[in-house]
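Peer 1: Structure below; questions to follow.
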């Protein structure tokens, strides 16, 4: 694995690979890698000749009340994990490398952002779209890999690729979970032992919703009530939202049909957790 810190060097290296007709898979991350990230790499390795991973904590997607400096980082550990996962190029640029001067163009995401987490994080997905646009242009991958755990981000990236005509195939990879169902997340380290046990209820509540739908329930309000009741009964977390939308448009679902997203967010003392299920309903 080669660690690269500048845009120019990475572009030159990938230019050589592309001349040899090699396909490129891209896994963008903000580091502090866990099994979820490595599952993306595994898929990328299976489907491409070359795998590029980026580690960049993007300041543009942090709001005024979100602490950019406090975001967990461990580059040495990340480099070892990436190498073990057979990443070919690890791109680790500085903020100055990615944003050497104030941007003269601002990307504004208009659709799929005013619900779920995006509703309380104005400008967040503008920052995501901006950095991904830069990374897509720098790397020019054939495929880009994102986890389905952050379903809203996946939907926004789908829109970005379609709207700006990037010749990139978007690959959504299933959420990687602990044995008890808890979705892998960098934030899980902030849970106390008691909260960690309670956190498994997130996935259990979603599976209860899936069971009810498979048994014929088609009213979103009933499913939302079922999930909230499960979360409130079995955890001490604050339930921020339980919402259901068509997917990937994230339009309101008047009834349950087609591709739908059931998404939840809860806040424990020091950790905010999200989870979801994407279901196709005849």
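The values are calculated or read from the model by the stated rules, or taken from the named source; none is laboratory data. Note that this is a predicted model, so its numbers are computed, not measured. A quick note on method: Cβ atoms are made from the backbone with ideal geometry, for glycine too, and the neighbour counts reach across all protein chains shown.
Peer 1: Taking the range 97-115 as the search range and keeping residues that are loosely packed, with under 12 Cβ neighbours inside 10 Å and closer than 17 Å to residue 61 by Cβ, which one is modelled with the lowest pLDDT?
Peer 2: Residue satisfying both the conditions and the ranking: 106.
Peer 1: Got a number for residues in the range 154-171 being under 16 Å from residue 277 (Cβ atoms) and out of contact with any strand residue (DSSP E or B) (no Cβ under 6 Å at 6 or more places or on another chain)?
Peer 2: 1
Peer 1: Tell me, please, whether a residue that is under 18 Å from residue 242 (Cβ atoms) and surrounded by 17 or more Cβ atoms within 10 Å (Cβ to Cβ) can be found in the range 158-172.
Peer 2: Scanning the range 158-172, I find no residue that is under 18 Å from residue 242 (Cβ atoms) and surrounded by 17 or more Cβ atoms within 10 Å (Cβ to Cβ), so the answer is no.
Peer 1: So if I check each of 21, 46, which one is assigned to a loop (DSSP other than H, G, I, E, B), surrounded by fewer than 20 Cβ atoms within 10 Å (Cβ to Cβ), at pLDDT 95 or above and in the same structural domain as residue 141 (by TED's automatic domain parsing)?
Peer 2: On inspection, the qualifying residue turns out to be 21.
Peer 1: Can I ask one more? Do we find that residue 127 is outside the structural domain of residue 262 (by TED's automatic domain parsing), surrounded by 20 or more Cβ atoms within 10 Å (Cβ to Cβ) and in contact (Cβ under 8 Å) with a residue 24 or more places away in the chain in this structure?
Peer 2: no
For every residue, the table says whether it meets (1) in contact (Cβ under 8 Å) with a residue 24 or more places away in the chain; (2) closer than 24 Å to residue 175 by Cβ; (3) in contact with a helix residue (DSSP H, G or I) (Cβ under 6 Å, 6 or more places away or on another chain); (4) surrounded by fewer than 21 Cβ atoms within 10 Å (Cβ to Cβ).
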site	(1), (2), (3), (4)
16	no, no, no, yes
33	yes, yes, yes, no
57	yes, yes, no, yes
63	yes, no, no, yes
69	no, no, no, yes
77	yes, yes, no, yes
84	no, yes, no, yes
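Peer 1: Another question, then. Applying the selection to the range 137-167, what residues are closer than 21 Å to residue 14 by Cβ, touching a helix residue (DSSP H, G or I) at 6+ places or on another chain (Cβ under 8 Å) and either in contact (Cβ under 8 Å) with a residue 60 or more places away in the chain or not assigned by TED's automatic domain parsing to the domain that holds residue 109 (or both)?
Peer 2: 138, 139, 140, 143, 144, 145, 146
Peer 1: Could you tell me which residue of the range 153-189 is nearest to residue 30 (Cα to Cα), considering only residues that are in a helix (DSSP H, G or I) and more than 16 Å from the chain's Cα centre (by Cα)?
Peer 2: Filtering the range 153-189 for residues that are in a helix (DSSP H, G or I) and more than 16 Å from the chain's Cα centre (by Cα), the one nearest to residue 30 (Cα to Cα) comes out as 189.
Peer 1: Further question on the same structure: Checking residue 86 against (1) at pLDDT 95 or above; (2) on the phi < 0 side of the Ramachandran plot; (3) assigned to a loop (DSSP other than H, G, I, E, B): exactly one of these is not met. Which one?
Peer 2: Against the list (1) at pLDDT 95 or above; (2) on the phi < 0 side of the Ramachandran plot; (3) assigned to a loop (DSSP other than H, G, I, E, B), residue 86 comes up short only on (2).
Peer 1: On to the next question. Does residue 260 satisfy the criteria of being free of Cβ contacts under 8 Å to residues at least 24 places away in the same chain and buried (at least 20 other Cβ atoms within 10 Å of the Cβ)?
Peer 2: For residue 260, the condition - free of Cβ contacts under 8 Å to residues at least 24 places away in the same chain and buried (at least 20 other Cβ atoms within 10 Å of the Cβ) - is met.
Peer 1: Follow-up. I'm told residue 181 meets every condition in (1) at negative phi; (2) in contact with a helix residue (DSSP H, G or I) (Cβ under 9 Å, 6 or more places away or on another chain) except one. Can you identify the failing condition by its number?
Peer 2: (1)
Peer 1: Looking at residue 118, is it over 27 Å from residue 177 (Cβ atoms) and touching a helix residue (DSSP H, G or I) at 6+ places or on another chain (Cβ under 8 Å)?
Peer 2: Against the criterion (over 27 Å from residue 177 (Cβ atoms) and touching a helix residue (DSSP H, G or I) at 6+ places or on another chain (Cβ under 8 Å)), residue 118 does not qualify.
Peer 1: What residue, of 233, 228, is on the phi < 0 side of the Ramachandran plot, surrounded by fewer than 20 Cβ atoms within 10 Å (Cβ to Cβ), touching a residue at least 12 places away in the same chain (Cβ under 8 Å) and outside the structural domain of residue 120 (by TED's automatic domain parsing)?
Peer 2: 228
Peer 1: Still on this structure: Of all residues in the range 184-204, how many are touching a strand residue (DSSP E or B) at 6+ places or on another chain (Cβ under 7 Å) and closer than 18 Å to residue 236 by Cα?
Peer 2: Of the residues in that region, 4 qualify.
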